[in-house]
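Peer 1: Dropping a structure here in structure tokens format, bear with me for questions.
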């Protein structure tokens, strides 16, 4: 029987907001709040011997809020509709190319390195938000839990190093930065973009939604092709 650990929710909130304050104070990209929280809570659970299902049950409300939080990211789109209408062709083209690149690179590289089809299918939807990635992975024979881990890993990489890369490449256009971040690093990248610039966050939200739709529609047809070519 899974027991509800009542203090897991307060622990998660305290650790996360403490990590966020630390990141704001030191202003270091590597101190991503999610990454720091994982580095604290995972060793804590291992040292105390508390099973993860027990911890999860106590803080399940946070998981339940994940999908409403993703929907809430659509609000900034409303305030940028005038720009979206003016550039919708470019936006869709960028998101389509980015989605195809993310899926092909993930699936093909995994297969070329000797991964089994179910592992490659789990890695393929790595650049869309967790609920979509897990559903896509399951539909093409992947393992949703592995997809969730890949999504988190990719999101952390983007939110930590994405803006540093933009600066090195001298990409300063807010819409371009936002579209790139939302395409590659889904919700975590979008949250980081929204912290830096509101307009950038809006375009990142748009890319997150469009890329999620493109991936869910194309992945079932694309994965068999990758299997024939690289499997």
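Peer 1: Obtain the nm distance between the two label points defined at residue 221 and residue 38 by a simple spin-label model: each point lies 7 Å from its Cα along the Cα-to-C-beta direction.
Peer 2: Between residue 221 and residue 38, the label points sit 3.3 nm apart.
Peer 1: Full-extension gain between residue 109 and residue 9, please, as 0.36 nm times their residue separation minus the C-alpha to C-alpha distance.
Peer 2: Using 0.36 nm per residue and subtracting the Cα-Cα distance, I get 32.2 nm.
Peer 1: If you don't mind, another one. How high is the relative contact order of the stretch 8-64, given as a whole-number percent (alpha carbon pairs under 8 Å, six or more residues apart)?
Peer 2: 40 percent.
Peer 1: What list do you get for 151, 36 if you sort them by fewest beta carbons within 10 Å?
Peer 2: Final ranking by Cβ density, sparse to dense: 36, 151.
Peer 1: So if R0 is 25 Å, what FRET efficiency would residue 157 and residue 97 give, r being the distance between their Cβ atoms, rounded to the nearest 0.05?
Peer 2: The pair residue 157/residue 97 has a calculated efficiency of 0.80.
Peer 1: Also: Could you please tell me the mean projected area of the C-alpha convex hull for the stretch 8-64, averaged over all directions and given in square nanometres to one decimal?
Peer 2: With the hull built on Cα positions only, its mean projection is 4.0 nm².
Peer 1: Show that you can apply the helix-only estimate: for the chain, add -39,500 (n - 2.57) for every DSSP H stretch of four or more residues, divide by all residues, and state [θ] at 222 nm to the nearest 500.
Peer 2: -26500 deg cm²/dmol
Peer 1: Sketch the reach of a paramagnetic label on residue 26 as a point 7 Å from Cα along Cα-to-Cβ, and name the residues of the stretch 158-185 whose backbone nitrogen lies under 20 Å away.
Peer 2: So the set is 158-165.
Peer 1: Next question. Using alpha carbons only, what's the Rg to Rh ratio of the stretch 79-165 with Rh from Kirkwood?
Peer 2: Working: Rg = 14.8 Å, Rh = 14.0 Å.
That ratio equals 1.06.
Peer 1: Using a 10 Å cut-off around each Cβ, can you sort 118, 64 from fewest to most neighbouring Cβ atoms?
Peer 2: Details: 118 13, 64 9.
In increasing order of surrounding Cβ atoms, one gets 64, 118.
Peer 1: Assuming a viscosity of 1.567 mPa s and a temperature of 4 °C, what translational diffusion coefficient in µm² per second does Stokes-Einstein assign to the stretch 72-230, Rh being the Kirkwood radius over Cα pairs?
Peer 2: 84
Peer 1: Now for a separate question. Between residue 81 and residue 61, what is the label-point separation in nm under the 7 Å Cα-to-beta-carbon projection?
Peer 2: Output for this residue pair reads 3.4 nm.
Read the figures in this text as sums done on the coordinates, not as results from a lab. These numbers were taken from a predicted model, which means no experiment stands behind them. With ideal geometry, Cβ positions are generated from the backbone for all residues, glycine too; neighbour counts draw on all protein chains shown.
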